[in-house]
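Q: Have a look at the structure that comes next, please.
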Amino acid sequence: MTLSASENLNPRSAEGGKAPRERFRVSGMDCGGCERKAVAAATRVKGVTDAEANAAAGTLDVFFEGQTPPDEAAIDQAMRGLGYEVVHDEPTSSAAGATPETAWWQTAKGKLVLISGALLAAAAVLHLLWPELGSWPFVAATLVGLYPIARSAWQALRVGEVFTIESLMTIAAAGALIIGAAAESAVVVVLFAVGELLEGVASTRARRSIAALSDLTPATARRLDGENITEVAAETLAPGQHVLVRPGDRMPCDGRIAEGGSYLDESPVNGEAEPRYKRAGEEVFAGTINRDGALTVEVTRRSEDNTIARIIRLVEEAQAAKAPVARFIDRFARWYMPAVIALALALAVLPPLVASMAWSESVYRALALLLIACPCALVISTPAAIAAGLSSGARRGLLIKGGAVLESLGKIKVMALDKTGTLTAGAPEVTDVEAWQGAAEDDVLAFAAALERESGHPIAAAIVSRARAQSLALPAVEGGRALAGAGVSGRIADDEVVLASPHHAADIASLGDASEARIRALEEDGKTVTVLVKAGVAVGAIALRDEPREDAREGLAALSRLGVRPVMLSGDNPRSAAAIGKLLGIEAHGGLMPEDKAARVAEWGSAGEGPVGKVGDGINDAPALAAADVGVAMGGGTDVALETADAALLRDRVAGIAELIRLSRATLANVKTNIALALGLKAIFLVTTALGITGLWIAVMADTGATVLVTINAMRLLRHRF
């Protein structure tokens, strides 16, 4: 077996203990009905205990016992029996279901529309030119166009799927021929083929928008072997190897910059339009574009685990996870179709027996009823909107793990957010430089930076960065040393200089009432203060704080406008948390351990304040992310947070949280509109058809028209404005 045809996921536990499993790429599935037929056929293959099909992603997962997978040829034959095809010889780096693009008129459904449409037109012309031919041209057109539909119905019947859309159409078209309505029957076949084609186009467009992500990663990379540069396939790169990325090139892997610096366009991955400057030591993602500097990048992930592959895999799994409303529609359709057939049978038989209606009239009405009741539009209404919503979000850097999550996001009432790395930048910045005893602020900052120059501590890095930003000349330091738990010291121009915490500084110098008052004020603002002592005299202080992200206020305001209450949960000390909360204007809770955060989230949910969402980026956020109704991981977060969360923001923007909720609400509104269109049109024409007001022509037009309307409406989400 080749990976191009399937992906061996063995051994791997799936939900419900269904393991091991094997994944096949299958083309031709477009809707929930296709999924049911594929599952029914796969479970009849020897060795298969269960199966799951995903029409949106074009995948079929088969579960089996032991370590021996089912015969690929048998799976292939089962799918071919339904008119589907297992895709072979597909590059391993391609996206799920990313089969070579085929124009609609080259597909089986497209050819059926063209052929049956041409035959219908020819029949109409012949009927006008040679009326003596009677209805035979329409009969011929019907039989040719009906053959693939009837064959599909028979194939589904063989695997136990009795009540399918194809079976309804076959009965209706054949019945119309029997009662002499050949022209209507030919129109039925053509319009049904058009509806099926539209369904396929909608599914393909949603799938292609995600599959196109695989094209973002270049096929080759320039691997560095010492002084030599070798061009290799990007999928062969292994962690630890180094690659050269020239200006204008796309990043071939996830990695870490080893040498160089450059502006990187990350919009292909996270939708962020503004290029970001990255230097040695910073992470880079596959598919991003190197703008202006040559980079040496150390590979950190294999191609199958890089950012692009993970996005594709995440969306693929998300499309398979149906929303509650989608599961309801599936169950409804299973009961709806047998009920409709029973009603049509009663309409065909009872009126002639109890009301002396002509059999031809009652059968005609029953056939029209079957056609208008065909649930094409209803079945596609929800999955088409969900798939379009997930695809639209992914292109914006908003990853949502399934329709159920997409539905839940729109209902969030409380959103708990972590402080460090979520609401704040995650690194301290110098906010204040104080100069006392006649010293100059630049001297205080320069002396402090000189002492901290060799330290790797985040506070030291912030002080040095601020001094460099102001282009200050740093004096030489002699005998520099660290003071355990207190600060650093050294000699500058024959003076002993110490940079220490206020508590330690008070032990070696007199701060004075004014200085102590200033230090207390800075600390009450949630800032960390270090005091500079020169020759035994406190000459100044530097205050630092992990400042809010630039878009934090805007993002929190957007949540409030949506009726969502933002709350900050932080492991930082309560004073710092309160200061940031006051600055941002939100409720803040500090000094919380990971289990405390999870408990707060659970408490709000049980108190009826929810549903509750949680946003975080670290390992310590994982328990709360799991406890929330919806957990959202920030893109720069840890793998644990990303795996635990239900959704992820590839762009490190607080505003993305509101975008997630708006997308959810837009998708749910789209779904409700689609269901209303599908059921509303059916309700109207079911009544008019049963009463004999409308016939086969109007019935088919209403069914196909509803399918067109819900498809177009769902596709609007691909252009959703955030």
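The values are calculated or read from the model by the stated rules, or taken from the named source; none is laboratory data. Computed from a predicted structure; not experimentally measured. Neighbour counts are summed over all protein chains in view; Cβ atoms, including those assigned to glycine, are modelled from backbone coordinates with ideal geometry. Just so you know, the surface numbers come from the protein's heavy atoms only, side chains and all, with ligands and any DNA or RNA stripped out. Shrake-Rupley method; radii C 1.70, N 1.55, O 1.52, S 1.80 Å.
Q: For Glu496, all conditions in the list (1) charged (D, E, K, R); (2) surrounded by 14 or more Cβ atoms within 10 Å (Cβ to Cβ); (3) at pLDDT below 90; (4) not in a helix (DSSP H, G or I) hold save one; what is the number of the exception?
A: Single failed check for Glu496: (3).
Q: Take Arg331 and tell me if it is open to solvent by 60 Å² or more (accessible area, probe 1.4 Å) and at pLDDT 60 or above. Before you say what the answer is, go through the steps one by one.
A: On the way: open to solvent by 60 Å² or more (accessible area, probe 1.4 Å): yes; at pLDDT 60 or above: yes.
So Arg331 passes the test.
Q: Check Leu371 against each of (1) within 30 Å of Asn674 (Cβ to Cβ); (2) surrounded by fewer than 23 Cβ atoms within 10 Å (Cβ to Cβ); (3) over 25 Å from the mean Cα position of the chain (by Cα) and name the one condition it does not meet.
A: Checking Leu371 against (1) within 30 Å of Asn674 (Cβ to Cβ); (2) surrounded by fewer than 23 Cβ atoms within 10 Å (Cβ to Cβ); (3) over 25 Å from the mean Cα position of the chain (by Cα), the one that fails is (2).
Q: Looking at Arg549, Arg545 in this structure, which one is basic (Lys, Arg) and under 30 Å from Ile492 (Cα atoms)?
A: On the way: Arg549 fails: under 30 Å from Ile492 (Cα atoms).
Being basic (Lys, Arg) and under 30 Å from Ile492 (Cα atoms) holds for just one of Arg549, Arg545, which is Arg545.
Q: Could you check segment 561-578 and list, in sequence order, the residues that are more than 19 Å from Glu609 (Cβ to Cβ) and crowded, with 21+ Cβ neighbours inside 10 Å?
A: Scanning segment 561-578 gives Ser570, Asp572, Ser576, Ala577.
Q: Considering every residue within segment 616-627, establish whether at least one is in a strand (DSSP E or B), closer than 25 Å to Gly403 by Cβ and modelled with pLDDT of 85 or more.
A: Scanning segment 616-627 turns up no residue that is in a strand (DSSP E or B), closer than 25 Å to Gly403 by Cβ and modelled with pLDDT of 85 or more.
Q: Of the residues that make up segment 443-456, is at least one under 15 Å from Val671 (Cβ atoms) and open to solvent by less than 40 Å² (accessible area, probe 1.4 Å)?
A: No: segment 443-456 contains no residue that is under 15 Å from Val671 (Cβ atoms) and open to solvent by less than 40 Å² (accessible area, probe 1.4 Å).
Q: Name the residues in segment 237-260 that are in contact (Cβ under 8 Å) with a residue 60 or more places away in the chain and open to solvent by 50 Å² or more (accessible area, probe 1.4 Å), would you?
A: The first filter runs over segment 237-260 and keeps only residues in contact (Cβ under 8 Å) with a residue 60 or more places away in the chain, leaving 237-239.
Of everything in segment 237-260, just one residue is in contact (Cβ under 8 Å) with a residue 60 or more places away in the chain and open to solvent by 50 Å² or more (accessible area, probe 1.4 Å), namely Pro239.
Q: Name every residue in segment 392-441 that is surrounded by fewer than 24 Cβ atoms within 10 Å (Cβ to Cβ), among the hydroxyl-bearing types (Ser, Thr, Tyr) and either in a helix (DSSP H, G or I) or under 9 Å from the mean Cα position of the chain (by Cα) (or both), in order of residue number.
A: Ser392, Ser408, Thr420 - these are the residues of segment 392-441 that are surrounded by fewer than 24 Cβ atoms within 10 Å (Cβ to Cβ), among the hydroxyl-bearing types (Ser, Thr, Tyr) and either in a helix (DSSP H, G or I) or under 9 Å from the mean Cα position of the chain (by Cα) (or both).
Q: Also: Condition check: at pLDDT below 90 and either under 30 Å from Thr170 (Cβ atoms) or open to solvent by less than 30 Å² (accessible area, probe 1.4 Å) (or both). Does Val189 satisfy that? I'd like the intermediate steps shown before the answer.
A: Details: at pLDDT below 90: yes; either under 30 Å from Thr170 (Cβ atoms) or open to solvent by less than 30 Å² (accessible area, probe 1.4 Å) (or both): yes.
The answer is yes for Val189.
Q: Related question: Just to check your reading of the model, which residue among Ala156, Ala182 is open to solvent by less than 40 Å² (accessible area, probe 1.4 Å), at pLDDT 75 or above, over 30 Å from Ala40 (Cα atoms) and not aromatic (Phe, Trp, Tyr)? Give the derivation first.
A: Details: Ala156 fails: over 30 Å from Ala40 (Cα atoms).
From the options Ala156, Ala182, the qualifying one is Ala182.
Q: Output the residue which, of all residues in segment 668-697 that are at pLDDT below 75 and part of a helix (DSSP H, G or I), is least open to solvent (accessible area, probe 1.4 Å). Even if it seems obvious, please write down each step before you answer.
A: Taking segment 668-697 as the starting set, the residues that turn out to be at pLDDT below 75 are 695-697.
Adding the requirement that they be part of a helix (DSSP H, G or I) leaves 696-697.
On the way: Leu696: 2, Trp697: 125 Å².
Per the criteria, the residue is Leu696.
Q: Sticking with this structure for a sec: If I filter segment 569-585 down to residues being free of Cβ contacts under 8 Å to residues at least 40 places away in the same chain and outside any helix (DSSP H, G or I), which single residue comes out as nearest to Val414 (Cα to Cα)?
A: Gly585
Q: Then there's this: Quick check on my filter: what residues within segment 48-78 are in contact with a helix residue (DSSP H, G or I) (Cβ under 9 Å, 6 or more places away or on another chain) and at positive phi?
A: Gly58
Q: Moving on to the next point. Within segment 218-234, take every residue that is outside any strand (DSSP E or B) and of a type in the set (Gly, Ala, Ser) and give me the one that is farthest from the chain's Cα centre (by Cα). Explain how you work it out, then say what you get.
A: As a first pass, look at segment 218-234 and keep what is outside any strand (DSSP E or B): 218-219, 226-227, 234.
Checking the rest, the ones that are also of a type in the set (Gly, Ala, Ser) come to 219, 226, 234.
Details: Ala219: 24, Gly226: 40, Ala234: 24 Å.
Among them, the one singled out is Gly226.
Q: Could you say which residue among Ile519, Ile492, Ile463 is within 28 Å of Lys582 (Cβ to Cβ) and in contact with an Asp or Glu (Cβ under 8 Å, 6 or more places away or on another chain)?
A: On the way: Ile519 fails: in contact with an Asp or Glu (Cβ under 8 Å, 6 or more places away or on another chain); Ile492 fails: within 28 Å of Lys582 (Cβ to Cβ).
Of the residues listed, the single one that is within 28 Å of Lys582 (Cβ to Cβ) and in contact with an Asp or Glu (Cβ under 8 Å, 6 or more places away or on another chain) is Ile463.
Q: Would you mention how many residues in segment 544-559 are surrounded by fewer than 21 Cβ atoms within 10 Å (Cβ to Cβ) and not charged (D, E, K, R)?
A: 3
Q: For segment 551-568, does any single residue satisfy the condition of being over 41 Å from the mean Cα position of the chain (by Cα) and part of a loop (DSSP other than H, G, I, E, B)? Spell out how you get there, then give the answer.
A: So the first thing to find is which residues in segment 551-568 are over 41 Å from the mean Cα position of the chain (by Cα), and the list is none.
No - not one qualifying residue is present in segment 551-568.
Q: Still on this structure: Go through (1) touching a strand residue (DSSP E or B) at 6+ places or on another chain (Cβ under 9 Å); (2) on the phi > 0 side of the Ramachandran plot one by one and return the number of the condition Gly226 breaks.
A: (1)
Q: Hey, does segment 504-515 have a residue that's touching a helix residue (DSSP H, G or I) at 6+ places or on another chain (Cβ under 8 Å) and β-branched (Val, Ile, Thr)?
A: Among the residues of segment 504-515, not one is touching a helix residue (DSSP H, G or I) at 6+ places or on another chain (Cβ under 8 Å) and β-branched (Val, Ile, Thr), which makes the answer no.
Q: Oh, and also: Name the residue, out of Ala506, Ala514, Ala482, Ala473, that is in a loop (DSSP other than H, G, I, E, B) and open to solvent by 40 Å² or more (accessible area, probe 1.4 Å).
A: Numbers: Ala506 fails: in a loop (DSSP other than H, G, I, E, B); Ala514 fails: in a loop (DSSP other than H, G, I, E, B); Ala482 fails: in a loop (DSSP other than H, G, I, E, B).
Matching residue, one of Ala506, Ala514, Ala482, Ala473: Ala473.
A quick yes/no check of all residues on (1) buried (at least 20 other Cβ atoms within 10 Å of the Cβ); (2) part of a strand (DSSP E or B); (3) at pLDDT 80 or above:
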| residue | (1), (2), (3) |
| --- | --- |
| Ser4 | no, no, no |
| Phe24 | yes, yes, yes |
| Gly33 | yes, no, no |
| Ala38 | yes, no, yes |
| Ala73 | no, no, yes |
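Q: May I pose another question? Kindly list, by first and then second residue, each pair from a residue in segment 389-410 that is within 20 Å of Thr711 (Cβ to Cβ) to a residue that is assigned to a helix (DSSP H, G or I) and among the small types (Gly, Ala, Ser), limited to pairs with Cβ atoms under 7 Å and residues at least 6 apart or on different chains.
A: Leu390/Ala318; Ser391/Ala206; Ser391/Ser209; Arg395/Ser209; Gly403/Ala326; Leu406/Gly389; Leu406/Ser664
Q: Just the residues that are open to solvent by 40 Å² or more (accessible area, probe 1.4 Å), modelled with pLDDT of 85 or more and out of contact with any Asp or Glu (no Cβ under 7 Å at 6 or more places or on another chain), please, taken from segment 261-284.
A: Residues satisfying the conditions are Arg279, Gly281, Glu282, Glu283.
Q: Report yes if some residue within segment 126-134 is among the small types (Gly, Ala, Ser) and assigned to a helix (DSSP H, G or I); otherwise report no.
A: Taking segment 126-134 as the starting set, the residues that turn out to be among the small types (Gly, Ala, Ser) are 134.
Restricting the remaining residues to those that are assigned to a helix (DSSP H, G or I) gives none.
Checked segment 126-134: no residue is among the small types (Gly, Ala, Ser) and assigned to a helix (DSSP H, G or I).
Q: Take the residues of segment 40-54 that are under 16 Å from Glu72 (Cβ atoms) and assigned to a helix (DSSP H, G or I): which is farthest from the chain's Cα centre (by Cα)?
A: The selected residue is Ala41.
Q: Condition first: within 11 Å of Thr300 (Cβ to Cβ) and of a type in the set (Asp, Glu). Now tell me which residues in segment 227-261 satisfy that.
A: Answer for segment 227-261, where residues must be within 11 Å of Thr300 (Cβ to Cβ) and of a type in the set (Asp, Glu): just Asp254.
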